[in-house]
Amino acid sequence: MTEKMKNIDLPDGTTIPVLGQGTWQMGDQEKRRTLEIESLRTGIELGMTLIDTAEMYGDGNSERLVGEAIAPYKREDLFLVSKVYPWNAGRDKMEASCRRTLERLNTDYLDLYLLHWPGSVPLEETIECFETLMAKGLIRRWGVSNFDLAHMKSLLDIKGGSHVSTVQNLYHLGSRGVEFDLMPWLMEKHIPLMAYCPLAQAGRLRAALVDSLEVQAIALKRNVTPYQILLAFVLTKPGVLAIPKASTPDHVKENRQAADIHLSEKELAILDMAFPKPDRAVPLDIE
Ligand code: NAP
C-alpha cells in the first residue's frame with residue numbers, strides 16, 4: 001500500500017512533495033510523446049505534482065510537453081519549476097524568457113523560477129529581475145541551481161538574496177560532495193536542496209553504483225530495485241527533495257514507491273562504507 005507522500009517545507013512555509021518529476025530529454029521525440037505524457041500524468045496522480053523543466057531542455061520541447069501533460073489538472077494542484085539560462089537572467093532578457101516559458105507551459109505563473117547555473121550577469125541584477133517577476137505575478141518564488149557553498153554565501157550577502165527558496169544541485173549516492181559543507185549550511189538556513197540526477201542517470205554517471213554488491217543486497221532484501229534504493233538514499237536525508245526523470249509509467253510507479261522506503265541506520269551505514277561521503281570540501285559535481 002502506498003503511504004501518503006512525504007512533504008517538505010520551503011522557506012516561505014509552502015509545503016511541497018519530497019518527490020517530483022524531472023523532464024530533461026523529454027518532449028524531443030514525437031514517437032515517445034504519448035508515453036511521456038502518460039508517465040507525467042501517472043506521477044501527478046501519485047502525488048508527484050512538482051514538475052521540473054527548463055527553457056534549455058530541447059529548446060522548449062520539454063516545457064511544451066509539460067504544458068500538454070498538465071492540461072487536465074487544476075493549476076493550483078501543481079508546482080511548476082522552470083529555469084532561465086544565465087545569459088537570459090538580466091534586465092534586458094529575463095521577463096521575455098519567462099513569458100516564453102509560460103506560453104510553452106500554457107500557464108500564467110511559475111511556482112518556482114531558477115537561475116540554471118551561475119553566469120556573468122551580476123547576481124544583484126538577477127535577484128532584482130526575479131523580484132520584479134514576483135511583483136508582476138509571473139513567478140511565485142525563485143531559486144538557484146548548480147551553486148556551491150561559496151556561491152550560496154555570496155547570494156545571501158546581496159539585498160533580497162535571502163528570498164532564495166531552494167538550490168537545485170546534483171546529488172546521488174555516488175556523488176556526495178554536497179553533504180560535506182553545503183547541506184549542513186542549508187539546513188541551518190532552512191533552505192531545501194532539490195536533488196537532480198538522484199538516480200545517477202540510471203547509474204550511467206557512476207560506474208558500479210547500481211551493480212554494487214551493497215546496493216544489490218539491500219534491494220534484494222527489500223524486494224525492490226537498486227534504482228529505488230538510490231532514490232530512497234537521497235530522500236532519507238533531511239532537507240532534501242528529488243526530481244528523478246522517468247519516461248515510462250512503470251518507472252514512475254517504482255519511483256513513487258521508493259519515497260516510502262525508510263532506510264535503516266544499518267543500511268545507511270553499509271551504503272556509507274561502500275560510497276563514503278568526502279571528508280573535505282570538493283568541487284560541486286555537475287555530472
Ligand atoms: P536521473 O533522474 O538520475 O535519471 C534518469 C534516468 O533514470 C532515465 O534514463 C530514466 O529512464 C531512468 N529511470 C527513472 N526511473 C527509473 C527506475 N525506477 N528504474 C530504472 N531506471 C529509471 O537523471 P536526470 O534526468 O539527468 O535528472 C533528473 C532531472 O533533474 C532532469 O530530468 C532535470 O529535470 C533535472 N536536472 C537538472 C540539472 C540542472 O543543471 N539543474 C541537470 C540535470 C538534470 P526512463 O526515462 O526510460 O524512465
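Could you list, in sequence order, the residues of the range 41-55 that are within 11 Å of the ligand (Cβ to nearest atom) and either over 23 Å from L10 (Cβ atoms) or part of a helix (DSSP H, G or I) (or both)?
So the first thing to find is which residues in the range 41-55 are within 11 Å of the ligand (Cβ to nearest atom), and the list is 43, 50-54.
Matches in the range 41-55: G43 only.
Taking the conditions (1) loosely packed, with under 15 Cβ neighbours inside 10 Å; (2) part of a helix (DSSP H, G or I); (3) touching a helix residue (DSSP H, G or I) at 6+ places or on another chain (Cβ under 8 Å) in turn, E76 satisfies each one other than (3). I need the full set of residues from the range 109-133 which are away from the ligand (no atom under 15 Å from the Cβ) and out of contact with any Lys or Arg (no Cβ under 7 Å at 6 or more places or on another chain), in order please. S120, V121, P122, L123, E124, T126, I127, E128, F130, E131, T132, L133 - these are the residues of the range 109-133 that are away from the ligand (no atom under 15 Å from the Cβ) and out of contact with any Lys or Arg (no Cβ under 7 Å at 6 or more places or on another chain). Filtering the range 1-16 to residues that are crowded, with 20+ Cβ neighbours inside 10 Å and either within 16 Å of the ligand (Cβ to nearest atom) or modelled with pLDDT under 95 (or both) leaves only I16.
Working only within the range 17-53, note down all residues that are surrounded by 15 or more Cβ atoms within 10 Å (Cβ to Cβ) and polar (S, T, N, Q). Spell out how you get there, then give the answer.
Restricting attention to the range 17-53, the residues satisfying the condition of being surrounded by 15 or more Cβ atoms within 10 Å (Cβ to Cβ) are 17-28, 32-33, 36-44, 46-53.
Q21, T23, Q25, S39, T42, T49, T53, listed by residue number.
The set of residues from the range 210-233 being part of a helix (DSSP H, G or I) and not hydrophobic (A, V, I, L, M, F, W, C) comprises E214, Q216, K221, R222, P226, Y227, Q228. Looking only at the range 79-104, residues that are open to solvent by less than 10 Å² (accessible area, probe 1.4 Å) and under 17 Å from M48 (Cβ atoms) come to 3 in all.
Whether any residue in the range 141-156 is in contact with a Cys (Cβ under 8 Å, 6 or more places away or on another chain) and on the phi < 0 side of the Ramachandran plot is what I want to check. Can you show your working first?
At the first step, the residues of the range 141-156 found to be in contact with a Cys (Cβ under 8 Å, 6 or more places away or on another chain) are none.
For the range 141-156, residues in contact with a Cys (Cβ under 8 Å, 6 or more places away or on another chain) and on the phi < 0 side of the Ramachandran plot: absent.
Answer yes if at least one residue in the range 63-76 is under 28 Å from G161 (Cα atoms) and of a type in the set (F, W, Y), and no otherwise. No: zero hits. Restricted to the range 219-246, and to residues there that are surrounded by 17 or more Cβ atoms within 10 Å (Cβ to Cβ) and among the polar types (S, T, N, Q), the residue that is farthest from the chain's Cα centre (by Cα) is T225. Against the conditions (1) open to solvent by 50 Å² or more (accessible area, probe 1.4 Å); (2) outside any helix (DSSP H, G or I), where does S162 fall short? Just the number, please. The failed condition is (2).
Of all residues in the range 247-263 being within 6 Å of the ligand (Cβ to nearest atom) and assigned to a loop (DSSP other than H, G, I, E, B), which is nearest to the chain's Cα centre (by Cα)?
The first filter runs over the range 247-263 and keeps only residues within 6 Å of the ligand (Cβ to nearest atom), leaving 247-248, 251, 254-255.
Subset that is assigned to a loop (DSSP other than H, G, I, E, B): 247-248.
On the way: S247: 16, T248: 18 Å.
The qualifying residue nearest to the chain's Cα centre (by Cα) is S247.
Which is open to solvent by less than 40 Å² (accessible area, probe 1.4 Å) and assigned to a loop (DSSP other than H, G, I, E, B), of F130, F147? Selected residue: F147, the only one of F130, F147 that is open to solvent by less than 40 Å² (accessible area, probe 1.4 Å) and assigned to a loop (DSSP other than H, G, I, E, B). Only one of the numbered conditions (1) within 16 Å of the ligand (Cβ to nearest atom); (2) open to solvent by 80 Å² or more (accessible area, probe 1.4 Å); (3) outside any loop (DSSP other than H, G, I, E, B) is violated by I286, and that is (3). Yes or no: the range 189-209 includes at least one residue that is assigned to a helix (DSSP H, G or I) and under 17 Å from the mean Cα position of the chain (by Cα). Among the residues of the range 189-209, not one is assigned to a helix (DSSP H, G or I) and under 17 Å from the mean Cα position of the chain (by Cα), which makes the answer no. Just checking, does the range 202-217 include any residue being closer than 23 Å to P184 by Cα and loosely packed, with under 13 Cβ neighbours inside 10 Å? No: zero hits. Cβ-Cβ contacts under 8 Å between residues 6 or more apart (or on different chains), taken from a first residue in the range 185-196 that is under 16 Å from L170 (Cα atoms) to a second residue that is within 16 Å of the ligand (Cβ to nearest atom) and among the aromatic types (F, W, Y), are listed as L193/Y171; A195/Y171; Y196/Y171.
The values are calculated or read from the model by the stated rules, or taken from the named source; none is laboratory data. All of these numbers come straight from a predicted model, not from anything done at the bench. Counting neighbours? That spans all protein chains shown, and the Cβs are built from the backbone with ideal geometry, glycine included. All accessible areas refer to the heavy atoms of the entire protein, side chains included, with ligands and DNA or RNA removed. Shrake-Rupley method; radii C 1.70, N 1.55, O 1.52, S 1.80 Å.
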